[in-house]
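All remarks here apply to the structure that follows.
The values are calculated or read from the model by the stated rules, or taken from the named source; none is laboratory data. Since the structure is predicted, the reported quantities are computational estimates derived from the model, not experimental observations. Cβ placement follows ideal geometry from the backbone for every residue including glycine, while neighbour counts extend to all protein chains displayed. In case anyone asks, the SASA skips ligands and DNA or RNA and just uses the protein heavy atoms, side chains included. Shrake-Rupley method; radii C 1.70, N 1.55, O 1.52, S 1.80 Å.
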Amino acid sequence: MSTETQSGSEISGDDSLEAAHETNRRIRRLFFACAAVTVVTTVAIFLVLFDNAASYFFGARISEVLLAGEAVERTVGFVEFFTGTRWAPDHSTPAHGVLPIVWGTLAITIGAGLVSIPIGTATALYLSEYASTGTRNRLKPILEVLAGIPTIVYGYFAVSFVTPVLVDGIATYLVNPVGRGLDSVSHLAPGLLEPVATWMMGVGVGRYSMLAGIIVVGTMTIPMVSSISEDAMQAVPDELRNGAYALGATKYQVSIRIVLPAAVSGIFASYILALSRAIGETMAVTLAAGFNATLTANPFDEIMTMTAYLVSMARGTSAVGTVEYQSLFAVGLLLFLMTLAMNLLNDRLKRRFQEEYR
Amino acid sequence: MSTKRETDFLADVDLSREKLLNRLFYGTLVVASLFGLVMLILLLADVLWESVQAMTTFDIDLVQFLTSTSSSRAERAGFGASILASLWLMALTAVLAFFIAVGCAIYLVEFAPENRVTRLIEANLANLAGVPSIVYGLLVLALIVNDAGLGSVILAGAIALALLIVPIIIVAAIESIRAVPSSVRDGSYAMGATKWQTIRRVVLPQAMPGILTGTILALARAIGETAPLIMVGTMLHATRYPSGPLSSFSAMPTQIYNWTYQADRMFNGLAALGIVVLLVFLIVLYALAGYLRRRYETDGGSISNV
């Protein structure tokens, strides 16, 4: 009896109720702090990249200027940075034109898109419109494994298989169709297509090439296109398909004229995501495409992407305060801004496609 | 009369052409769908083939490979120190990322009011998930390795990986917390429980399998990440066993990168073997996640048990 009144008073007692509220408030604040960490991360990324990149352009970090009042002297001009065509900050005669490595990144991104977008879209159409449920349930997870494999493994694959077999092999075939299989092009007998090959390839294929990078990055981004596009196609209501069939449309016509246009914003969102991944891709392009910052359209040439530059600089562990160290952040900031723009676009498209059929 | 009208009706449709078009289209789709599959098989076959080749041509002792430290001489190089470093990284990353991610997910599902701040947090999450991993490496390099003077140690690598996978865990946690039916929460409130008691004793236990599955999948992503660790500044060769969170290191993927990068064929073979070890780790993690998910699904159907 006495315990009952005791517990009864505890439940309704103002003190304990107040204590419970207080606990709830504290918990709420704690969890809000956790959520705030994610926003702080974004802000920190931007500030740190910006602050360090400032020292690349202005000779001192913004925080140093504000705190210690250090003298500001320009080191790298914006004009040189954005229009120069030679990138060699670590060279004895340094050059700071970022265009070659931006071009390298764009070449890989566009090339990878040319691989993954058609193949991914076709795969999504097959999975969504043609495949039986059983096939889809088996094929889709297998393709998603492609996205789950570490990119370093793709880099290895490029070095040990794609370059020697596909790239070198194709080049060999171009020079000498009767072919010496997998030998390097440089020591080959002249063949029928030699003029074409030499025009396209210059001195021949080395250990690194743009094409190898394109093939592996394209392959690893296929599931991003196929999975998300397939989701978008699945979201197209069956009424639309049935209406078209009732009018006598064939499956091909339904796929191309009904499903594709109806799912277009979701499909585009998947393209943007795949391209954004390709921009930030690091290990595969480093190992496949190499470290030679050149402006070239030849797919058999060695190039350097922005991420590959970051890796090559970090490997040398350049000392803090040197121009090489600062250039990491200028390039990193540019990379971050490029992917940020893509992400915002992707977010907008995704929202539109989700709202379409609710 | 009626037959005439029917032939008129179909006169402008060339059926054989339509059929051919359909068949060609179908064939194209099938071939395209097989491309990814073929590349996957080629990739796995290549890695296995190269590692078997390496073991036979260079006579690599598997036990020695798995237990010893790396070396600048290929005959002596092993993977043990890298495996241990990766295990350290995973443990630290899991601890750092898990609580922040789950806390954020609980806030967003259970507490967050519908206002601008909440929308900002949600939009920011989508954006964070798209930041290239190498940028997280740059952030930690500048802020923690150099400005805070921590140096290129395992803890710094773990911080970079944790920042990278927090958004992934948050998304998984939000999904599984949302999946807990509101009737269960209402039941708890009806018994007089406070919000925190409801979350801790009712919502979290039910959502936990889903959250853990998401965490394991995120760790699987982290264990294969190379770029942020290279930015943080790993050793070229894992020549020492790491003794704790504050020792320098080269994890599995960075060691594989360094071996792949070498011109020496034997190093390339070691890289293939290293990849096989890394893939085994991944398969174990995916299997664990799959097991959890299956168990959760069979249990999840019987919410009436609660």
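Go through segment B:30-42 residue by residue and turn each phi into a ³J(HN,Hα) via Karplus (6.51, -1.76, 1.60, θ = phi - 60°); whole Hz please, and just put x for glycine and proline.
Using θ = phi - 60°, the values come out as 5, 4, 4, 5, 6, 4, x, 4, 4, 4, 4, 5, 4 Hz.
Rounded to the nearest whole Å³, what is the per residue volume of the convex hull around the Cα atoms of segment A:16-68?
Enclosed volume per residue, from the Cα hull, is 68 Å³.
Rounded to two decimals, what is the ratio between the C-alpha radius of gyration of segment B:81-300 and 2.2 N^0.38 Å?
1.16
³J(HN,Hα) across segment B:95-111 via Karplus (A = 6.51, B = -1.76, C = 1.60, θ = phi - 60°), whole Hz, x for Gly/Pro?
5, 5, 7, 4, 5, 4, 5, 5, x, 5, 5, 4, 4, 5, 7, 9, 10
Using only alpha carbon pairs under 8 Å that are at least six residues apart, calculate the relative contact order of segment B:108-205 and give it in whole percent.
The value is 25 percent.
Give me the percent relative contact order of segment B:81-300, please, defined on Cα pairs under 8 angstrom at least 6 residues apart.
Numbers: 278 pairs, mean separation 65.0, N = 220.
RCO, segment B:81-300: 30 percent.
Could I have the simple spin-label model distance between residue A:19 and residue A:291, label points 7 Å from Cα toward Cβ, reported in nm to one decimal?
Spacing of the two 7 Å Cα→Cβ label points: 6.4 nm.
How much accessible area per residue does chain B have, in Å², with a 1.4 Å probe?
Ligands and nucleic acids excluded, the figure is 47 Å² per residue.
Taking amide H positions as placed 1.01 Å from N in the peptide plane, with prolines and chain starts having none, which residues 5 or more places from residue B:77, or on another chain, fall under 5 Å of its amide H?
For residue B:77, the qualifying residues are B:71.
Among A:131, B:224, A:214, whose Cα projects farthest towards the positive end of the dipole of the protein assembly as shown, with charges put on the beta-carbon of Lys, Arg (+1) and Asp, Glu (-1)?
Result: A:131, furthest along the dipole toward the positive end.
Count charges around residue A:245 for me, please; just the other residues with Cβ under 15 Å from its Cβ, Lys/Arg as +1, Asp/Glu as -1.
-1
Which number do you get for Rg(Cα) / (2.2 N^0.38 Å) in segment B:70-121?
Against the compact-globule rule of thumb, the ratio is 2.07.
I need the semi-axes of the equivalent ellipsoid of segment A:201-276: take the C-alpha gyration tensor, multiply each eigenvalue by 5, square-root it, list largest first in whole angstrom.
Those come to 37, 14, 8 Å.
Please compute the modelled spin-label separation between residue A:26 and residue B:294, points set 7 Å along Cα→Cβ, answer in nm with one decimal.
Distance between label points: 4.3 nm.
With r as the distance between the Cβ atoms of residue B:179 and residue A:251 and R0 = 35 Å, compute the FRET efficiency 1/(1 + (r/R0)^6) and round to 0.05.
0.45
Over the heavy atoms of residue A:215, what accessible area does a 1.4 Å probe trace out, to the nearest 10 Å²?
30 Å²
Using a 7 Å offset from the Cα along the Cα-to-Cβ direction at both residue A:145 and residue A:337, what is the distance between the two label points in nm, to one decimal?
If labels sit at residue A:145 and residue A:337, their model points lie 4.2 nm apart.
At q = 0.11, 0.14 Å⁻¹, what base-10 log of I(q)/I(0) does the Debye formula yield for segment A:262-337 when every alpha carbon is treated as an equal point scatterer in vacuo?
Once normalised to I(0) and log-transformed, intensities are -0.38, -0.57.
Expressed as a whole percentage, what fraction of the accessible surface of the protein assembly as shown belongs to carbon and sulfur atoms when a 1.4 Å probe is rolled over the protein heavy atoms?
Here it works out to 64 percent.
Give, rounded to the nearest 20 debye, the magnitude of the charge dipole that the protein assembly as shown has about its Cα centre when Lys and Arg contribute +1 at Cβ and Asp and Glu contribute -1 at Cβ. If you can, show how the numbers build up before the last one.
On the way: 42 positive and 48 negative charges, 147 e Å.
Once rounded to the nearest 20, the dipole reads 700 debye.
Treating only the Cβ atoms of Lys and Arg (+1) and Asp and Glu (-1) as charged, compute the dipole magnitude of segment B:169-261 about its Cα centre; round to the nearest 20 debye.
Using only the charged Cβ atoms, the result is roughly 260 debye.
On the full set of protein chains, 1.4 Å probe, figure out the accessible area of residue B:144 and give it in Å² to the nearest 10.
Its heavy atoms expose roughly 40 Å² to the probe.
I'd like the distance between the alpha-carbon centres of segment B:131-169 and segment A:286-355, rounded to an integer number of Å.
17 Å
So how many Å³ per residue does the convex hull of the Cα atoms of the protein assembly as shown work out to?
In the protein assembly as shown, the Cα hull volume divided by residue count equals 235 Å³.
Taking R0 as 30 Å, what FRET efficiency do you get between residue B:76 and residue A:92 from their Cβ-Cβ distance, rounded to the nearest 0.05?
0.25
Just to confirm my numbers, what's the Cα centroid distance between segment B:235-273 and segment A:23-97 in Å?
30 Å
With the other protein chains left in place, how much accessible area per residue, in square angstrom, belongs to segment A:16-68 at a 1.4 angstrom probe?
Value returned for segment A:16-68: 52 Å² of accessible area per residue.
Provide the buried accessible surface between chains A and B in square angstrom, both chains summed, 1.4 Å probe, rounded to the nearest 100.
Numbers: alone 19620 and 17780 Å², together 30680 Å².
Rounded to the nearest hundred, the buried surface is 6700 Å².
Please list, ordered by chain and number, the residues whose modelled amide H lies under 5 Å from the amide H of residue A:96; skip anything fewer than 5 residues away on the same chain.
When sequence neighbours closer than 5 places are left aside, the close amide H contacts are A:88.
Please report how far the C-alpha centroid of segment B:34-104 lies from that of segment A:266-281, rounded to the nearest whole angstrom.
28 Å
Let's test the formula: R0 of 30 Å, r as the Cβ-Cβ distance of residue B:119 and residue B:197. What FRET efficiency results, to the nearest 0.05?
0.55
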